[in-house]
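> Handing you this structure, nothing more for now.
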Amino acid sequence: MSRNLWVALVCLIFSAGSAFAQDATKAPSTDSAKTTPQDTAREKKLAEYLSGVKFVGSFTVTGSAERPPEPEAYYILSAEKMDDGDWWKLTARIKYSTYDLTVPMAMEIKWAGETPVITVDQMAVPGMGTFDARVLIRKGSYAGTWAHDQIGGQLFGRLEKMTAEELAEVKAAAEKARDK
């Protein structure tokens, strides 16, 4: 995702999201409707699809027409549906600047029909600003928007299954982070 969205995710982990990282099964409930067998099958399919995957693409900054899209990549080790509402535990490797973290994060994934949309909704991070994103996932691709206060843009790319070597590297980084 964009650099600003990565900063938001890092801040989320170390501020309000740290509680989720410690116990990601206790996200707030946003949906009191009962889960249907179709929902369960769809959620299982999404969990399998997002586990061990990397997002490889580009992002833009609105108002920077002369600036070409910049490359981005991030990795999801695992995706698990949580018990409450639209919340999912995504264990992701965040590799940005001097950061190299592999952590579980509680994220909302809403559905637009049969299309999952990763949702960060006007998330205020003390000392950093407000973040917002919508990233839809469809047929091996992702696309969406991101914003950090008044700056924002688009992001887009493809999903690729990690190789065995990449998966081992992400798992090793996660274990290294746990040992610290």
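Values quoted throughout were computed directly from the atomic coordinates according to the rules given, and no laboratory measurement underlies them. Since this is a predicted model, take the numbers as computed values, not measurements. For neighbour counting, all protein chains shown are included, and Cβ atoms are generated from backbone atoms with ideal geometry for every residue, glycine included.
> Going highest first, how would you order 49-57, 37-45, 166-174 by mean Cβ packing within 10 Å?
Most protected by this proxy first, the peptides run 49-57, 166-174, 37-45.
> So what are the ³J(HN,Hα) numbers for the range 72-80, from phi and the Karplus equation (6.51, -1.76, 1.60; θ = phi - 60°), rounded to whole Hz, Gly and Pro as x?
So the J values, rounded to whole Hz, are 8, 7, 8, 10, 10, 6, 8, 10, 9.
> When a/c is below 1.5 the answer is rounded, else prolate if a/b is larger than b/c, else oblate, so apply that to the range 33-81 with a ≥ b ≥ c taken from the square roots of the Cα gyration tensor eigenvalues.
Judged from the Cα gyration tensor, the range 33-81 comes out prolate (a/c at least 1.5, a/b above b/c).
> Å³ per residue of the Cα convex hull, for the range 105-180?
So the per-residue hull volume is 133 Å³.
> Sticking with this structure for a sec: Once you've got the Cα coordinates, tell me which of Lys34/Lys139; Lys139/Lys176; Lys44/Lys89; Lys110/Lys171 are over 25 Å apart.
Lys34/Lys139; Lys139/Lys176; Lys110/Lys171
> Starting from the Cα-Cα distance between Lys44 and Ala168, subtract it from 0.36 nm times their residue separation and give me the gain in nm to one decimal.
So the chain would gain 42.3 nm between Lys44 and Ala168.
> What aspartates and glutamates does Lys81 reach when the alpha-carbon gap must be under 20 Å and sequence neighbours fewer than 8 apart in one chain are set aside?
List returned: Asp23, Asp31, Asp39, Glu43, Glu48, Glu108, Glu114, Asp121.
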